[in-house]
Amino acid sequence: MGWGSDPEGDVMVSIHRLLAVLLVSLPLLATSPARADDAPDPFIGLASQNFDIVANAISALAVSGHPQAAATIAAIEADNLYVDAAGDGAPLILIKQGDSYIDARTGQKASDINEDDVDSVRVNNAVRRAIEAAKGGLDLFAADADTRQKAAEKVFTSHDPAALPLLARAIAAEKDAGAKRAMQQAQAASLLAGDGGSDAERVAAVAILRLRGDVEAKSLLQSLHDQSKPVAAAIAAATSSLARIEQLWSVLQSVFYGISLGSVLLLAAAGLAITFGVMGVINMAHGEMVMLGAYTTFMVQEVIRTHAPGLFGASLFIAVPLAFLVSGIAGILIERCMIRFLYGRPLETLLASWGLSLILQQGVRSIFGSSNREVGTPEWMSGAVQWGGLVITWNRLTIIVFAVIVIAALMAVMRGTSLGLRMRAVTQNRRMAAAMGIRTPWIDALTFGLGSGVAGMAGVALSQIDNVSPNLGQGYIIDSFMVVVFGGVGNLWGTVVSAMTLGIVNKFLEPFAGAVLGKIVVLIALILFIQRKPRGMFPLKGRAVEQ
Amino acid sequence: MTTIGAVSDSLLYLNGVSVSFDGFRAINDLSLVLAPGEMRAVIGPNGAGKTTMMDIITGKTRPDTGEVIFRADTDLTKLDEPAIAALGIGRKFQKPTVFEVHNVWDNLLLALAGDRRPRFTMWARETGEERDRIDEILATIRLSDLRHTRSGDLSHGQKQWLEIGMLLAQEPQLLLVDEPVAGMTDSETAQTAELLVEINKTRSVVVVEHDMDFVRALGVRVTVLHEGSVLSEGSIDHVSEDPRVVEVYLGR
Amino acid sequence: MSRVLSSRPSVGRWLRSTALAAAALVSATAMSATAHAEDTIKVGILHSLSGTMAISETTLKDVMLMLIDQQNKKGGLLGKKLEAVVVDPASNWPLFAEKARELITVDHVAAVFGCWTSVSRKSVLPVFEETNNILFYPVQYEGEESSKNVFYTGAAPNQQAIPAVDYLMNEDHVKRWVLAGTDYVYPRTTNKILEAYLKSKGVAAEDIMVNYTPFGQSDWQSIVADIKKFGSAGKKTAVVSTINGDANVPFYKELANQGIKATDIPVVAFSVGEEELAGIDTKPLVGHLAAWNYFESVKSPANTAFIKEWHEFTKKPNRTTNDPMEAAYIGFNMWVKAVEKAGTTDQTKVIDAMIGVAVPNLTGGISTMMPNHHITKPVLIGEVKGDGQFNVVWQTPGTVVANEWSPYLEGSKDLIADWRHPLFCGNFNTVTGKCGGASK
Amino acid sequence: MSRLSTSICIGLVLVGVGLMAILNLSTAAGAPLHVPTYAISLVGKYLSYAILALAVDLVWGYGGILSLGHAAFFALGGYAMGMYLLREIGPRGVYGNALLPDFMVFLNYKALPWYWNGFNHPAFAMAMAVIVPALVALIFGYFAFRSRVSGVYLSIITQALTYALLLAFFRNDMGFGGNNGMTDFKDIFGLPLQADSTRVGLLVATAIALCLCLLVARYVVTSRFGQVLIAVRDSESRTRFLGYRPESYKLFVFVLSAIMAGIGGALYVPQVGIINPGEFSPANSIEAVIWVAVGGRGTLVGAVLGAVLVNAGKTFFTGAFPEFWLFALGFLFILVTLLLPKGVLGLLQKKTGGRV
């Protein structure tokens, strides 16, 4: 079949080969730098159409000690390495710099390059792995302890027995405790993966893995078959102990997932808890307020991308207040132009706001197009932190923290400010409030604006985990209403508890029932619950929200 | 004051009833006995528990402790509103609540004693008997000329009467009437008093009212509620001389 | 006016009743009464412009408008101008059938280009068969269908899924497979085919994990964690994703955040193209794969010209192109060629003329309409690049013929479609020798 | 007044449909007065929707129960019909399997799921089209009304109900065809669905069903039951103190309404040719409520009028202004609620001095 297929190749071959070469050449590296023209040209393989040959060439280049090796490998990684095979003889390997090329072999500027003859070096996952391995193997002896530890982790994942001698040297030289532990774990893994070592050594290795205590250690141990009796016994004991630990962690992990899902629900519902919960307005365009917030984030990032790329990390901090303003002002306009004519007719509000949501969706579609818009994740929100067996992704953690801040701020506004006091006064007894000189229409508009603004801020958070498309709001509207109703209308704390409950229950059901069935079960449970407690978990008494 | 003998042939007997909302004791160990055919006026300052007492008798609110015995054999605390209504206890609300989109005639028709189940009402036809009865009630409540008027278009006083008429149509043994003359003109008030006295000839009545002149005009035994329990009981002259009552009404 | 009416109630009532009846029939009779000009050839465009599918389908509407515009600039077809009739079926499947019927019986279109989801195609299928009109369907789908009146210019599973799995097996040495999809027919069927195929290649049952999620799934935390766990068993693992449009962005975001890189567990997707990637920051996704029959990054003169025209037509220099657009392009050109060949837009004749029509595709080859109403296509595997484009890492040497009936499914392994006379059957059973069902 | 408008409505529907039927069958395509088959199916669809709207008006307009999940009953009726129509295909499916519908064949079903038994009998399927929605409504309503869930809370849980059903029917493992639902029907009661006469027959059947539903609804709301129902709508607790049990009244009308919706759904499916889980989507239920609001709540005839008007408008706008029709529809809803609180029928009544 096509070009580039090589059944002999194996994923780990490149790493294996690299480590072997490294071992031989390391003393050389330390004493006399190898001269490029002594070895066969390692660059030539880079021009190949066959990925395995390219991968091998990278491994070879990494250990060749060639002065241009590091720059060349970096260029492949950055998609900046090109091949010009037009001339006779060996193809030119070129590093692109701006509009011009540099000859990778010499580091000199290359002239007379015809753009049409230039093609980029072919990269696929196998090649990318070779690059990582090339950097990883070298990194075992890097100056920085963190880098060494990461390199050791890579070796642990590959657990290639060929790495054992190298690891032994690295461990002997290692001073940093963390890096050393990682290397020892890698050593244990590599030892067990091969056939070497005495029974005692192998049992000791099992113990090291057992101490490591994570899923990877367990899967590695489980993959070992045909072991001698004492080793097999040790493995059995270790895996069952690891399984218990894993179970414990998985409960914690589910709780985290649940809280994270709960925060998303909470953010989506918080604005509704004001407009629907406090004011009693059934606002079907609530989801579109969330959507406006997400599109505001998109706009902010667009402006930053073109005008101040350095600010990208702060884009969300800029977007939050702007989204609040945009959705909040939209909310005030909606209240002034539509909702205020419909007070006391909640069901009519439902219909009119449904119409409004159609208009807003189509409006956004006309302006921004119907396809998804890209909202980037700032560096500080990417990736995850591992805490024991718990994987906590930064973006989810940020959203949880954000939800806490939003709710705390909202409660502070409602309880601590004169605006909040007036809002509560107006919603509890409009006539009395008016008699006391509160301008009730203005308070209505501001309350609705506040609820919408909070929805806009939720949009900023949702832009980080979901599609930014005209349909964004639609996906959350039903869930939001459920959360508010389940918690008890008019009760912010109820909304918080309800969102968290729904999130966690959902996440605990998911492994057993699957995502769809889990959600159905939650919905049915919700229906039954409302029938037991028709006013939600925390009903407010003596209130005129209803009827 | 109350004796076992009185209880056994009482129409309504509230025994040690208490209920609290969110820690607030709305009714506190309330006991009250109503004899068959009696009219009783219940007075008391705001928050004394008058309306809550009505809610408990009619099944809207369930008491925390105590019992409410109707006709010496039925504990009302075990029943819900429709069941209690079916036993023969009618209630008029403080704010007149009639079915505004229906006309006066239909309001009375819906209130007439009879089978309340959907399977009956679905096929029910107006009978001559029903017509006669409604005509009779219309005469009693002085709304004969307005029989085809949409009840939402009635004046406040007319609505109050219509509601009393609906009570009559239910043919209850006991009527609970909550502030029947609130918002009425003097002449309407007098007419209402007459009407209640007339009704009392055949049925027992409990009237909750603020208007002392009205209560005096009724000329019946009075129970004064305060903070959820009975403060004083007796004729209007008796209770208005009771220093505790004076204190409660005037002392604040 | 109203006074006149109310003074003569009987007339007024009659007039009002007529008005009401007119309202009930407004669209129906009024529309059929519009005179259809005979100096143009009408072409129906049946893509959702609102609702959930607008995300994908709006682009196809624009492509069709561009192609029709170009054809008119070239002098039209059979000496007449082409006229596009655009309707919005609003991602509502019954509305698709209604709008299809409207295009055919009210607007008298010569052919319809449209649909994206399988269910929309299934919804309009009886309408096309009943009215004997032509539908060009430009999206990859699960196969298991061949209608006289439909021409499928997207990929069947063997033109996308199976080559992708082959690539991962041979080039990336994948031993363990996660088949993750949205719970609907395309993923279900594709995964059934892939499961059978993988097992035939000696993959053990415990090395295959199948997972279905609902439409619009946005919380992928636990599922991605499960995939990670499944992939930590020591064997090289890959994810074959038939996750549908909307759910992809949150899925890839979660993958990136949980630190799953393409070098660890590559994901190969069949529904993620340039258009979908436009909504994601692709830097963390570099190396994940997609299998298509076209990528925007393919270098060919035809493609360069197409992209240039597209940018000029939409006046957006950054707007991406994708595989279904190429399928629409091929379908349109095939129809033009078949109409020219038949010398008429008469559907029966065009349907017969279609088979064997060959037009250049955008990847530098030729695609041919086969007797099964599917086209031959090259299969390309691309890796996601940091700029949202794909880097083609593998491609079939020639084009692949579609298996409209999968040989890996129990029910369809004996079926073939051949719309040439005398067989003229969409589901001929080679074992019983009968043309099954009634789709004749 | 309401009697008159009902008679006018029934007259219009029957005469209009009768005229369409005659003009479709007796004139050739292209003749000046010919009504195209397209219009027949379209009006058939509107009238099925009108039955749903009527069902919504019955519970919302008269019982005060704002159900945001009524499309669920419509869809359940539709599914019962769809299952029958699939079984009716028999061995003419693409795989030629006499027992299993096509989607079961390619998803490797070995046997028909038990709940598909009996659906090959049209009478059984028709019965199921009303029994299943009625049963769901009975169970749901029994619990909801008994525990006095009302107002927004009820609206939200009806929405949860239809949402749960939506998710359930999307699942392929349920054995109802998943997202694709059921399509490609061939015959109904042995008559080919593609034939003009069958389509006309279905339209006429729908018109008659609509008129019957209208008459039943009219009887119910004008009976003493209906008066109690209106009393419950306006002052539930008062009726309770009068000795009525509002929950049984609500339950009865809710079940009746679900049955009507089921009939509407069963008639809808053969005319549009597809039933899929999308019909359960909460948006559909909300739209049905909007038809009622546009036509005029609590008038029955208004519901019919609203359903036909909004859907005809949708048909027209999605063809004439495909990019902007949502704006038109959205503004329509806003304007109607702001300016016409009694709906189009209320406007007509005002113009004619309340006679219609």
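Computed quantities for the displayed model
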{"item": "Rh (Kirkwood; distinct C-alpha pairs) - chain C, Å", "result": "23.2 Å"}
{"item": "Chain A pair-distance distribution - Cα-Cα, 10 Å bins, rounded %", "result": "3, 14, 18, 18, 16, 14, 10, 5, 1, 0"}
{"item": "Residue among A:Ala207, A:Ala179, A:Leu167 farthest towards the positive dipole end of segment A:145-249, charges placed on Cβ", "result": "A:Ala179"}
{"item": "Sum of side-chain charges, A:Gly449 neighbourhood, beta-carbon under 10 Å (Lys, Arg +1; Asp, Glu -1)", "result": "-1"}
{"item": "Euclidean distance between Cα centres, segment D:262-309 to segment C:386-427, Å", "result": "41 Å"}
{"item": "Cubic angstrom per residue, convex hull over Cα atoms of segment A:448-547", "result": "127 Å³"}
{"item": "For chain D, built as a Gaussian network whose Cα springs stay under 10 Å, the top-fluctuating residue of D:Leu33, D:Leu99, D:Leu229", "result": "D:Leu33"}
{"item": "Spherically averaged projected area of the protein assembly as shown from its Cα convex hull (nm²)", "result": "68.7 nm²"}
{"item": "Prolate/oblate/rounded call for segment A:145-249, Cα gyration tensor, a/c under 1.5 rounded", "result": "oblate"}
{"item": "Percentage relative contact order, segment D:199-298, counting C-alpha pairs under 8 Å, at least six apart", "result": "25 percent"}
{"item": "Reachable lysines from A:Lys175, criterion Cα separation under 17 angstrom, eight or more residues apart if same chain", "result": "A:Lys150"}
{"item": "Cβ-based exposure ranking for B:Glu126, B:Glu188, in which fewest neighbours within 10 Å come first", "result": "B:Glu126, B:Glu188"}
{"item": "All-pairs Cα distance distribution in segment B:96-203, expressed in whole percent, bin size 10 Å", "result": "14, 47, 32, 6, 0"}
{"item": "Contour minus Cα-Cα distance for A:Ala409 and A:Arg340 (0.36 nm per residue)", "result": "22.2 nm"}
{"item": "Gyration tensor verdict on chain D (Cα atoms; rounded if a/c is under 1.5, prolate if a/b is larger than b/c, oblate otherwise)", "result": "oblate"}
{"item": "Estimated dipole of chain C in Debye, rounded to 20 [Cβ of Lys and Arg +1, of Asp and Glu -1, Cα centre]", "result": "680 debye"}
{"item": "Sorted by Cβ density within 10 Å, fewest first, the residues D:Cys9, D:Cys211", "result": "D:Cys211, D:Cys9"}
{"item": "Segment B:96-252 - percent relative contact order, Cα under 8 Å, separation 6 or more", "result": "20 percent"}
{"item": "Estimated Rh, segment C:221-267: Kirkwood, alpha-carbon pairs, angstrom", "result": "10.9 Å"}
{"item": "C-alpha center-to-center spacing [segment A:300-325, segment A:171-226] in angstrom", "result": "47 Å"}
{"item": "Cβ neighbours within 10 Å from other chains - mean over A:256-263", "result": "2"}
{"item": "222 nm mean residue ellipticity, helices alone, for chain A (DSSP H n ≥ 4; -39,500 (n - 2.57); rounded to 500)", "result": "-21500 deg cm²/dmol"}
{"item": "Summed side-chain charge close to A:Ala168 - residues other than A:Ala168 whose Cβ falls under 13 Å, Lys, Arg +1, Asp, Glu -1", "result": "0"}
{"item": "Taking D:His34, B:His238 and counting other C-beta atoms within 10 Å, the order from fewest to most", "result": "B:His238, D:His34"}
{"item": "Only Lys, Arg (+1) and Asp, Glu (-1) charged, at Cβ; segment B:117-216 dipole about Cα centre in debye", "result": "520 debye"}
{"item": "In nm, spacing of pseudo-spin labels at B:Ser144 and A:Thr306 (7 Å Cα→C-beta vector)", "result": "8.5 nm"}
{"item": "Tensor-based shape of segment C:318-414 (alpha-carbon gyration tensor, a/c under 1.5 rounded, otherwise prolate or oblate)", "result": "oblate"}
{"item": "Cα centroid separation, segment A:336-385 to segment B:92-136 (Å)", "result": "49 Å"}
{"item": "Trypsin sites (Lys or Arg not before Pro) within segment D:7-111, DSSP loop, no more than 11 other Cβ atoms inside 10 Å", "result": "D:Lys110"}
{"item": "Förster-model FRET efficiency, 25 Å R0, B:Arg244 and B:Ala72, C-beta, rounded to 0.05", "result": "0.25"}
{"item": "Which of B:Ser187, C:Val86, C:Trp310, positive extreme of dipole for the protein assembly as shown (C-beta unit charges)", "result": "B:Ser187"}
{"item": "Distance (nanometres) between label positions extended 7 Å along Cα→Cβ at B:Asp237 and D:Met174", "result": "7.8 nm"}
{"item": "For segment C:134-262, fraction of C-alpha pairs farther apart than 19 Å, in %", "result": "53 percent"}
{"item": "Charge dipole (debye, nearest 20) of segment A:257-515; +1 at Cβ of Lys and Arg, -1 at Cβ of Asp and Glu", "result": "760 debye"}
{"item": "DSSP-defined antiparallel bridges as percent of all bridges, the protein assembly as shown, nearest 5", "result": "55 percent"}
{"item": "Mean shadow area of segment C:248-349 over all directions, Cα convex hull, nm²", "result": "8.9 nm²"}
{"item": "Long pairs among B:Lys60/B:Lys95; A:Lys218/C:Lys236; C:Lys81/C:Lys308, criterion Cα-Cα beyond 18 Å", "result": "C:Lys81/C:Lys308"}
{"item": "Exceeding the 21 Å Cα-Cα cut-off - candidates C:Lys99/D:Lys45; C:Lys80/C:Lys341; A:Lys519/C:Lys199; C:Lys201/C:Lys377", "result": "A:Lys519/C:Lys199; C:Lys201/C:Lys377"}
{"item": "Percentage relative contact order, chain A, counting C-alpha pairs under 8 Å, at least six apart", "result": "15 percent"}
{"item": "Selected from D:Ile22, D:Ile157, D:Ile65 as most flexible by GNM, with chain D as the system and alpha-carbon contacts under 10 Å", "result": "D:Ile22"}
{"item": "Mean residue ellipticity (222 nm) of chain D, computed from DSSP H runs ≥ 4 via -39,500 (n - 2.57), nearest 500", "result": "-23000 deg cm²/dmol"}
{"item": "Highest average packing first - D:184-190, A:499-505, A:192-198, Cβ atoms within 10 Å", "result": "A:499-505, D:184-190, A:192-198"}
{"item": "Candidate lysines - alpha carbon under 20 Å from A:Lys96, same-chain residues fewer than 8 apart omitted", "result": "A:Lys109, C:Lys283, C:Lys299, C:Lys385"}
{"item": "Top of C:Ala164, C:Ala204, C:Ala111 by mean-square fluctuation, Gaussian network on chain C, Cα under 10 Å", "result": "C:Ala204"}
{"item": "Span per principal axis, largest first, for the Cα atoms of chain B (Å)", "result": "53, 40, 37"}
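Every read-out reported here was derived from the displayed coordinates using simple, explicitly stated rules and does not represent laboratory data. A quick note: this is a predicted structure, and the numbers were derived from the prediction, not measured. All Cβ positions, glycine included, derive from the backbone under ideal geometry; neighbour counts span all protein chains shown.
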